[in-house]
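Step one of this worksheet: look at the structure below.
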Amino acid sequence: MRIESADVLVTSPGRNFVTLRITTTDGVVGLGDATLNGRELSVASYLSEHVVPLLIGRDPHRIEDTWQYLYRGVYWRRGPVTMAAIAAVDTALWDIKAKVCGLPLYQLLGGKSRESCLVYGHASGWELPELFDSIRAHLEQGYRAIRIQTGVPGFASVYGVASSPTAQGERYDYEPARRTALPVEEMWDTRAYLRHVPAVFEAVRHEFGPALPLLHDAHHRLRPIEAARLGKSLEPYDLFWLEDVTPAENQEALRLVRQHTTTPLAIGEVFNTVWDYQYLIREQLIDYVRSPVTHAGGITALRRIFDYAAMYQVRSGVHGPTDISPVGLAAALHLGIALHNFGIQEYMRHSAETEAVFRPGYSFVDGGLVPAQTPGLGVEYDEALAKQYPYQAAYLPVNRLTDGTVHDW
Ligand code: EZ4
Ligand code: CO
């Protein structure tokens, strides 16, 4: 059996997705997610120009060798575009191998360590009443852990807050990439945010009690001492985690945060190799690792990150916004159900249009996701339907401070 063809498929059923489909000479088909929000076509081009020609004729069973060939073999290493492309190849090859074995993919990763992967959903609202409605709606859907984001007084648009909570027929969640030719610009003021957030968590705990696991994403916006203050001020509300408190290029910053707070820290949705985590894990500066399969070199590479993390009792908390396709989410679930140090999985439901294109076989049961029981990843791409949704330029927002300075978004 050899790789006969590999197709780079771009579709936009509400948002853009890039999928790699590998077909073998025996007619076995594997899928991998290569979606990089706001930079989709760069990964599509990396794959079609430079990777697909190398795949044709290779033995699809040689996953490790192919991974090393694409990582070491190109000389230029790491980075989100390269690692998303490698991830797509790796995931598609695991899908093929599991289909050839006639087993759901998690069986090849060691089998089940649990019955389902606990997920957290995204509740948001500009004001507390809308936030409470959103939390209640999530609880009614069965969610057992919830991320909380709200507006900040004086600001028109803030990361993580759905703009139209009651828009008819639309799901109540947050989609940051806008289909505009230029990125929209948002405004930010860290002091206003730091004054507001603890009161929000106090109100939520008062309304919903002490037991519900609550999460929050600071989205890379704080300086180290500000992050330390936020973690400290949220301690009474017992967060499951506080996410991306600082931009993580300066990893020493997390040591300063850690010295001041016992609020658990999650980081890494923009990391793409184990090297990005080496210092943070070894020095025990974080509690959850956030990379998705899609951006961190696939199942092969993410498994190694989690195994390294396990030595330090650091757990998984895989990134799962709607910009990870159902293929990327399915891959995370097969890994998550097998890993010993699984922590939690982020889950924003995809739109009905997206699910119609990808037909994912996983199921949401009692606040957890269960991977498909069919051979492989359990996702089927409907190419004819996908072609009805051509690519549309869409970008994440750019953030500015009130004086106009560009800030981390
Ligand atoms: O902003 O995936 O925790 N989730 C997040 C996401 C990211 C988007 C960027 O593409 O931070 O909402
Ligand atoms: Co995040």
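Values for this structure:
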{"quantity": "Estimated vicinal HN-Hα couplings, Hz - the range 189-202 in sequence order (Karplus 6.51, -1.76, 1.60; Gly, Pro = x)", "calculated": "9, 5, 5, 4, 5, 5, 5, 8, 4, x, 5, 4, 5, 4"}
{"quantity": "In the range 319-406, the chymotrypsin sites (Phe, Trp or Tyr not before Pro) that fall in loop regions by DSSP, at most 15 other Cβ within 10 Å", "calculated": "Y391"}
{"quantity": "Cα radius of gyration and Dmax for the range 287-334 (Å)", "calculated": "10.3, 31"}
{"quantity": "Mean-position separation - Cα centroids, the range 364-378 and the range 87-163, in angstrom", "calculated": "13"}
{"quantity": "Centroid-to-centroid separation of the range 219-239 and the range 24-50 [C-alpha atoms, Å]", "calculated": "38"}
{"quantity": "Per-residue SASA entry for K99, accessible area with 1.4 Å probe, Å² rounded to 10", "calculated": "70"}
{"quantity": "Whole-angstrom Cα spans of the range 29-97 along principal axes, big to small", "calculated": "32, 26, 17"}
{"quantity": "Evaluated at q = 0.11, 0.23 Å⁻¹: base-10 log I(q)/I(0), Debye formula over Cα of the range 160-282", "calculated": "-0.46, -1.37"}
{"quantity": "HN-Hα J in Hz across the range 113-128 - Karplus 6.51, -1.76, 1.60, θ = phi - 60°, x for Gly and Pro", "calculated": "9, 7, 8, 7, 9, 4, 10, 10, x, 9, 9, 8, x, 5, 10, 4"}
{"quantity": "DSSP-loop GluC sites (Glu not before Pro) across the range 36-117, with at most 10 other Cβ within 10 angstrom", "calculated": "E115"}
{"quantity": "In Å², nearest 10: area of I225 left accessible to a 1.4 Å probe", "calculated": "100"}
{"quantity": "Hydrodynamic radius of the range 300-393 per Kirkwood, over alpha carbon pairs, in Å", "calculated": "14.4"}
{"quantity": "Accessible area per residue in Å² at 1.4 Å probe, computed on the chain", "calculated": "40"}
{"quantity": "Kirkwood hydrodynamic radius of the chain, from inverse mean 1/r over distinct Cα pairs, in Å", "calculated": "21.6"}
{"quantity": "Karplus-derived HN-Hα couplings along the range 331-345 (A = 6.51, B = -1.76, C = 1.60, θ = phi - 60°), whole Hz, x at Gly and Pro", "calculated": "4, 4, 6, 5, 5, x, 6, 8, 4, 6, 9, 5, x, 7, 10"}
{"quantity": "Cut-off 12 Å between beta-carbons: net charge of the residues surrounding Q392, Lys and Arg +1, Asp and Glu -1", "calculated": "+2"}
{"quantity": "Share of carbon and sulfur in the accessible heavy-atom surface of the chain [1.4 Å probe, %]", "calculated": "52"}
{"quantity": "Theoretical ellipticity at 222 nm over the chain - DSSP helices of four or more residues, -39500 (n - 2.57) apiece, nearest 500", "calculated": "-9500 deg cm²/dmol"}
{"quantity": "Accessible surface of E4 - all protein chains present, 1.4 Å probe, nearest 10 Å²", "calculated": "110"}
{"quantity": "Cross-link partners of K97 among lysines (Cα-Cα below 29 Å; sequence separation of 8 or more within a chain)", "calculated": "K112, K387"}
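The values are calculated or read from the model by the stated rules, or taken from the named source; none is laboratory data. These figures come from a predicted structure and were not determined experimentally. Backbone-built Cβ (ideal geometry, glycine too); neighbour counts: all protein chains shown. These accessible areas exclude ligands, DNA and RNA; they are computed on the full protein's heavy atoms, side chains included. Shrake-Rupley method; radii C 1.70, N 1.55, O 1.52, S 1.80 Å.
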